[in-house]
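Here, each number is a calculation from the coordinates, and none is a lab measurement. Just so we're clear, the structure is a prediction, and the values are computed from it rather than from any experiment. Counting neighbours? That spans all protein chains shown, and the Cβs are built from the backbone with ideal geometry, glycine included.
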Amino acid sequence: MRLIFLGTGGSLPTPKRNVSAIAVHMGSELLLFDCGEGTQRQFMLSSASFMKVTSIFITHLHGDHFLGLPAMIQSMSFSGRTRPLYVHGPEGMEEAMRSMLALGYFKPSFHVMTMEVEEGDEIEFPGFKVMPIEADHTVPAFAYVIQEDPRPGKFNLDKAKGLGLPEGPLFSRLQGGEAVEVGGRTITPDMVLGPKRRGRKVLISGDTRPSKEIIEAGNGADLIVHEATLHSSLGQEAAEYGHSTAAEAAEVAKQAGAKLLCLYHFSNRYDDAQVLLDEARAIFPNTILAEDLSSLQVNPPEEEWNRQAKG
């Protein structure tokens, strides 16, 4: 479970930051949350490939969150993609995709499947699901929760050896939930595994004012990635345009009982976002800043966080 921040700026790009896009590796799936202009090039500078993206989740239909789609889809086509691409988004997503795919003299070499989501939906993937949460913005908008399925309990090596299990592939089969035969005896997973462990949980806010819906959805999250467009000295402007200050993002994480807060979607007035980090940490100390092309490994809940090197 690894996030790659392809774009961390809000509204328009700067020399230091591109606009919103976050890639998320989940097992064999590569998901993309938002796709601002220039996202395809950001992929080329990162450790991930846009060709491996399986599903895209758009938070809302402001240009800095979706205008990279037509260019990236054309690049996928020119690069020989044949498997379908799934694009999810709020009301208006289907019409927007039809318009974008009709631009110029171009027809993709693969199917682009567009789905408009609603709160309460659960988009299922092997081992996890993605759930849209209504955000408080100036247009229809969603945050998204990535919820991993409960994971198998820890493998008890001493118990396994005591049962006569030889080290090797039988261990993996038991960890996968399969019973095995050893010397005419059936060994079941519950005989060598501890209690199931909760799955990891990540919330990506998109553009939003602080809201109780997002606090509730992020309850106990391992990570909340929350927009922090402005400093609290510009709180009135943030509220008017449907955004959060760094202090408000920190309050969301604090009230949700999150383990880690990562700020992103910074106004272009902040060449250095340290002032936003300082403001948030005064309320929620376990806060970091997202930087373009940085990555973040979401370790299992019982392990410590590890911020990775530039992707």
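Report the local net charge at A135: Lys and Arg +1, Asp and Glu -1, summed over other residues whose C-beta lies under 12 Å from its C-beta.
On the way: positive: R209, K212; negative: E119, E134, D136, D207, E213, E227.
Counting the neighbours of A135, the net charge comes to -4.
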Across all Cα atoms of the stretch 1-139, Rg and the largest Cα-Cα distance (Dmax), in Å, are 14.2, 39
Only helices counted: for the chain, with every DSSP H run of 4 or more residues adding -39500 (n - 2.57) and the sum spread over all residues, [θ] at 222 nm is -6000 deg cm²/dmol
Total charge of the residues flanking G63 in space, meaning their Cβ is under 14 Å from its Cβ, with Lys and Arg +1 and Asp and Glu -1, is -4
Connecting every pair of Cα atoms under 10 Å apart in the chain and solving the GNM, the largest mean-square fluctuation among F171, F284, F43 falls on F171
Per the 1/(1 + (r/R0)^6) rule, R0 = 22 Å and r from the Cβ atoms of L234 and K16, FRET efficiency to 0.05 is 0.65
With x for Gly and Pro, the residue-by-residue ³J(HN,Hα) of the stretch 161-170, computed from phi through the Karplus equation 6.51 cos²θ - 1.76 cosθ + 1.60 at θ = phi - 60° and given in whole Hz, is 5, x, 8, x, 7, x, 5, x, x, 5
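I need the peptides 106-115, 13-22, 177-186, 228-237 ranked by packing, meaning the mean over residues of other C-beta atoms within 10 angstrom, with the highest value on top.
Numbers: 106-115: 13.6, 13-22: 22.0, 177-186: 10.4, 228-237: 19.0.
Most protected by this proxy first, the peptides run 13-22, 228-237, 106-115, 177-186.
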Normalised Cα Rg of the stretch 2-79, dividing by 2.2 N^0.38 Å with N its residue count, works out at 0.98
Sparse-neighbourhood loop hits (trypsin sites (Lys or Arg not before Pro), the stretch 27-117; DSSP loop; Cβ within 10 Å at most 15 others) -> none
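Just the number, please: Stokes-Einstein D of the stretch 99-175 in µm²/s, Kirkwood Rh from C-alpha pairs, 37 °C, 0.692 mPa s.
Working: Rh = 17.6 Å.
Approximately 187 µm²/s, per Stokes-Einstein.
Using +1 on the beta carbon of Lys and Arg, -1 on that of Asp and Glu, and nothing else charged, what's the dipole of the chain about the Cα centre, debye to 20? Write out the running numbers ahead of the final one.
Numbers: 29 positive and 40 negative charges, 270 e Å.
The dipole magnitude comes to about 1300 debye.
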Those trypsin sites (Lys or Arg not before Pro) from the stretch 202-275 that are DSSP loop and have at most 15 other Cβ neighbours within 10 Å turn out to be R269
Mean-square fluctuation maximum in Gaussian network of the chain, Cα pairs under 10 Å, restricted to G176, G68, G168, hits G168
Contact order relative to length for the chain, counting C-alpha pairs under 8 Å separated by 6 or more residues, stands in percent at 17
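Using the Cα atoms of the stretch 74-122 to build a convex hull, what is its mean projected area in square nanometres?
Numbers: hull surface 15.0 nm².
Averaging across all directions leaves 3.7 nm² for the Cα convex hull.
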